[in-house]
Amino acid sequence: MDSLRILLLPFSIVYGAFVLLYHLLYNIGLLPSKKFDIPVISIGNLTVGGTGKTPHVEYILRNLAAEGVAKGSELATLSRGYGRVTSGFRLADDESSSSEIGDEPRQMKQKFGEIHVAVDESRVHGVNKLLKLAPDLKVIVLDDAFQHRAISPGLSILLEDYFALDKTDFMLPAGNLREPKIGAKRADIIVVTNSPKLLSPLERRRIDARIKLKPKQKLFFSYVEYGDLVPAFANMAQKNNSTETPLMVNKSFYFERDYSILLLTGIAHTYPLIEYYKGNISELIHMKYDDHHEYTKEDVENILEKFDNIVNENKIILTTEKDAMRLAIPGVFKALVKLPIFYIPITINFHDEDGVEFKKEIINYVEKNQIYSRVH
């Protein structure tokens, strides 16, 4: 443990005590937790960032629509809207910016136009507003709400990062834990995310034994699938009638050549992405920023300088879908649009029969709880 973490440990102990008291007050009923008749699914984690909450929300929404459980207009997602400069309840539309609603909700709205995407610091207030604005809603998915005890979801899903399972962690600020690991017992479903694409039965059993599921809990394993590259500013260029958007790059095109990649990331954990590219390209130069980083003029200058300094003529700039949202602002867009800059989309898949069983758990819960009376 480094010296800074040691210095912060006393603050972690105090913070941990407050968190335990907070949850105790809910557990014994001294603080109220509101239930809604409409199916409410919560997705969250015990740590700060990095487990893939938003892609799992997308997976659930996509499958609920695909299975005919609910139409897009009957689905909603609600989050805090981390990184926005606004406050209170906001319902996203096609023109909403990252500064108004946050980068992840903006990404969600662009992907699922019909779905109601809302942000609110108060999940209870946010759900009530959604039900008033869209009375035909059948399902609401809460993104990053595991610690929000004021609302009682009908189905609680906890995500745990595969790469962090065997690590010793501490409460904030010395570590990354939002609450003690005992909080995992509140979950109905635990999903181990970022797991290897090839996961042996022996490794599954080892993790199962380590997590120590409660009798009614279900355990699933998911992994990340990377898609073909997408021009980062395609939508922005179309809106601005720009003809300078780079052409689509086929994945096999640059993997077969001596390519250099300048990787821009402003996300919590980058190791799965780096692992995916490691060994498949000539050079990977990583410019790492803090999670939810807002790109500035100075950042753009550094990016341009770093890219110009790459000697290899076969070179591109690669970023994440979340970062592409934050880069697509007028000042940054104009400075970078002439460069070959792309993002790599990700989707979530489940191992073996886990995908079938996970979808079954979600659909069964929703279908059993689709009651049209609302709590007012």
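Pairs linking a residue in the stretch 6-20 that is in contact (Cβ under 8 Å) with a residue 12 or more places away in the chain to a residue that is assigned to a helix (DSSP H, G or I) and not polar (S, T, N, Q), with Cβ atoms under 9 Å and 6 or more positions apart or on different chains, are Ser12/Arg5; Val19/Gly183; Leu20/Ile182.
If the requirement is being assigned by TED's automatic domain parsing to the domain that holds Leu30, among the aliphatic types (A, V, I, L, M) and more than 25 Å from Glu367 (Cα to Cα), which of these qualifies: Val124, Val141, Val119?
Working: Val124 fails: more than 25 Å from Glu367 (Cα to Cα); Val141 fails: more than 25 Å from Glu367 (Cα to Cα).
Sole residue among the options that is assigned by TED's automatic domain parsing to the domain that holds Leu30, among the aliphatic types (A, V, I, L, M) and more than 25 Å from Glu367 (Cα to Cα): Val119.
Of all residues in the stretch 31-50, those that are more than 21 Å from Leu61 (Cα to Cα) have Cβ atoms under 9 Å from Cβ atoms of residues that are outside any strand (DSSP E or B) and among the acidic types (Asp, Glu), 6 or more apart or on another chain, in Leu46/Asp169; Leu46/Glu179; Thr47/Asp169; Val48/Asp291.
Taken over the stretch 275-296, residues that are of a type in the set (Val, Ile, Thr) and over 17 Å from Ile344 (Cα atoms) amount to 1. The single residue among Ile317, Ile267 that is buried (at least 18 other Cβ atoms within 10 Å of the Cβ), among the hydrophobic types (A, V, I, L, M, F, W, C) and in contact with a Gly (Cβ under 9 Å, 6 or more places away or on another chain) turns out to be Ile267.
Taking the stretch 218-234 as the search range and keeping residues that are among the aromatic types (Phe, Trp, Tyr) and under 19 Å from the mean Cα position of the chain (by Cα), which one is farthest from Ile344 (Cα to Cα)?
Phe220
Hey, could you check the stretch 146-170 for residues that are of a type in the set (A, V, I, L, M) and under 17 Å from Lys185 (Cβ atoms) and say which is surrounded by the most Cβ atoms within 10 Å (Cβ to Cβ)? In this case the residue turns out to be Ile157.
Just one of Val117, Val85, Val69, Val124 is β-branched (Val, Ile, Thr) and either touching a Phe, Trp or Tyr at 6+ places or on another chain (Cβ under 6 Å) or crowded, with 22+ Cβ neighbours inside 10 Å (or both); which is it? Only one candidate qualifies: Val117. With respect to Pro272, determine if the residue is more than 30 Å from Lys132 (Cβ to Cβ) and touching a Pro at 6+ places or on another chain (Cβ under 7 Å). No, not satisfied. Leu159 passes every criterion in (1) part of a loop (DSSP other than H, G, I, E, B); (2) under 27 Å from Asn27 (Cα atoms); (3) in contact (Cβ under 8 Å) with a residue 40 or more places away in the chain apart from (1). As a summary of the residue check, Ala76 satisfies the conditions (1) aliphatic (A, V, I, L, M); (2) free of Cβ contacts under 8 Å to residues at least 24 places away in the same chain; (3) surrounded by 15 or more Cβ atoms within 10 Å (Cβ to Cβ) except for the one numbered (2).
When you look at Ser200, is it of a type in the set (Gly, Ala, Ser), surrounded by 19 or more Cβ atoms within 10 Å (Cβ to Cβ) and under 30 Å from Tyr226 (Cβ atoms), yes or no? No, not satisfied.
Within the stretch 178-203, restricting attention to residues that are assigned to a loop (DSSP other than H, G, I, E, B) and of a type in the set (D, E, K, R), the residue that is nearest to Gly50 (Cα to Cα) is Arg178. For His23, the test of being under 23 Å from Gly183 (Cβ atoms), within 15 Å of the chain's Cα centre (by Cα) and outside any loop (DSSP other than H, G, I, E, B) is failed.
With respect to the conditions (1) in contact with a Phe, Trp or Tyr (Cβ under 9 Å, 6 or more places away or on another chain); (2) assigned to a strand (DSSP E or B), Asn280 lacks only one, and its number is (2).
All told, Glu298 falls short of being buried (at least 20 other Cβ atoms within 10 Å of the Cβ) and not hydrophobic (A, V, I, L, M, F, W, C). Just wondering, is there one or more residues in the stretch 332-346 that are under 18 Å from Arg84 (Cβ atoms) and touching a residue at least 40 places away in the same chain (Cβ under 8 Å)? No - not one qualifying residue is present in the stretch 332-346.
The values are calculated or read from the model by the stated rules, or taken from the named source; none is laboratory data. Keep in mind that this is a model prediction, so the values were computed, not measured. In this analysis, Cβ positions are derived from the backbone assuming ideal geometry, glycine residues included, and neighbour counts consider all displayed protein chains.
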